[in-house]
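Here is the structure we will look at, set down as structure tokens.
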Amino acid sequence: MEIDINTLLRPHLVVLKPYSSARDEYTGKSGVFLDANENPYGSITTENFNRYPDPYQLALKERISAIKGVHSDQLFLGNGSDEAIDLLFRAFCRPGVDQAILLPPTYGMYEVSAAINDVETIKVPLTLNFQLDTNAILEWMTPTSKLLFICSPNNPSGNNIHREDILSLIAQFPGLVIVDEAYIDFSGEPSFTTELQNYPNLIVIQTFSKAWGLASLRLGMAFASPEIIGILNKIKPPYNISGLTQQKVLEALGDISPMERMTRDILQERKFLEQELASLSLVEKIYPSNANFLLIKVKAAKKTYDDLVHEKIIVRDRSKVLLCDECLRITVGTRAENETLLRALKKINR
Ligand SMILES: *Cc1c(COP(=O)(O)O)cnc(C)c1O
């Protein structure tokens, strides 16, 4: 499908003149910097943080794009992927006019971000086995449906969404399709970033918060056409990624083997947890997972949740969520944590 990004973009942004930061106007590295009202002496901390960071995170992007095999002008970095999600609403959805299509049960931030931006959502439930109801999505979309969010592996169900279904929707949806791959590293599936060349309306979102173990640093990625990335760069807060985050992540990406090792360990632990949970009579169903968590159906979700909290074990009660009656979402922990959980469940079970 031919799409013109400028017709999807909110009209006032076509002519927006973005903030020009001191670091935009002079990009040289050395000199006497008296342009940004920074503290010339240093910081109150032992390490210095007195200079504004690179607003476009060029060094970090170069490294990430090499790892991901995507050109750096197809990469946007956000203060968590939640920032990218918010910026997409702000860029493409006119409040009270446009809509986003959501596929519940799914990640809660899409709905919250839509609501914050006063954007209506159209909800088309996943099928009973948490796959796309492609026909229903195509039936429900309207000329003002600007964004379609597909989460794969899906949170909270944990499963991969069938690739052919996603491709078919990207090809037929007249707006932008966001494929949220927060859990891709656990999935055994190739990323949709390989499809960016074929689909100008595709946006892939990933995060450093899960497999990379960097949730506290707040760093998310959006991959899309240079045109869409340009729009996100134009409307983002100038210094959205802190210098500390840029520095720490760049250092860490020198050797990605710890991430690969932890991911392998988590997958092994997921298998262990799955096997052990299956033997508990309290557990009625364990949904197949391609992520670092398990959705399980139990006899009495709310009570089980409360009993676990009493044992100081916190899981996520998803029992009020569509298609997730009596379900708990459990993050895969270390072996010791998983054993603690299993012991508690056996105690509750009695
Ligand atoms: C955890 C998660 C994210 C990550 O958000 P960050 O803001 O990058 O921490 C994004 N999408 C989904 C579906 C998630 O579960």
When restricted to SER65, SER21, SER72, SER81, the only residue hydroxyl-bearing (Ser, Thr, Tyr) and either closer than 28 Å to THR134 by Cβ or in contact with a Cys (Cβ under 8 Å, 6 or more places away or on another chain) (or both) is SER81
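To keep it simple, each residue is scored yes or no on (1) surrounded by 15 or more Cβ atoms within 10 Å (Cβ to Cβ); (2) of a type in the set (Gly, Ala, Ser).
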| site | (1), (2) |
| --- | --- |
| ALA224 | yes, yes |
| ILE228 | yes, no |
| TYR239 | yes, no |
| ILE266 | yes, no |
| LYS271 | no, no |
| GLU276 | yes, no |
Being surrounded by 18 or more Cβ atoms within 10 Å (Cβ to Cβ), farther than 18 Å from ALA182 by Cβ and not β-branched (Val, Ile, Thr) is true for just one of LEU280, LEU323, LEU294, LEU308. Which residue is that?
LEU308
For residues in the stretch 230-260 being outside any loop (DSSP other than H, G, I, E, B) and closer than 22 Å to PRO190 by Cα, which is nearest to the ligand (Cβ to nearest atom)?
MET259
Report, ordered by the first and then the second residue, all pairs with beta carbons closer than 7 Å, sequence separation of six or more or different chains, a first member in the stretch 24-47 that is within 18 Å of TYR239 (Cβ to Cβ), and a second member that is at pLDDT below 90.
ASP35/ALA22; ASP35/TYR26; ALA36/ALA22
In the stretch 9-68, what residues are modelled with pLDDT of 95 or more and of a type in the set (Lys, Arg)?
ARG10, ARG51, LYS61, ARG63, LYS68
Across the stretch 176-193, what is the total count of residues that are farther than 21 Å from GLN131 by Cβ and either out of contact with any strand residue (DSSP E or B) (no Cβ under 8 Å at 6 or more places or on another chain) or within 13 Å of the ligand (Cβ to nearest atom) (or both)?
1
For the subset of the stretch 90-100 comprising residues that are among the aliphatic types (A, V, I, L, M) and more than 16 Å from the ligand (Cβ to nearest atom), which member is nearest to HIS12 (Cα to Cα)?
ALA91
When you scan the stretch 92-109, how many residues do you find that are buried (at least 21 other Cβ atoms within 10 Å of the Cβ) and either part of a helix (DSSP H, G or I) or small (Gly, Ala, Ser) (or both)?
2
Looking at VAL97, VAL119, which is the one that is β-branched (Val, Ile, Thr), out of contact with any Leu (no Cβ under 9 Å at 6 or more places or on another chain) and modelled with pLDDT of 95 or more?
VAL97
How many of the residues making up the stretch 57-89 are among the small types (Gly, Ala, Ser), in a helix (DSSP H, G or I) and within 15 Å of the ligand (Cβ to nearest atom)?
2
Would it be correct to say that ASN129 is more than 14 Å from the ligand (Cβ to nearest atom) and either more than 21 Å from ASP82 (Cα to Cα) or surrounded by 23 or more Cβ atoms within 10 Å (Cβ to Cβ) (or both)?
yes
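The values are calculated or read from the model by the stated rules, or taken from the named source; none is laboratory data. This is a predicted model, so every value here is computed, not measured. Virtual Cβ from ideal backbone geometry, glycine too; neighbours counted across all protein chains shown.
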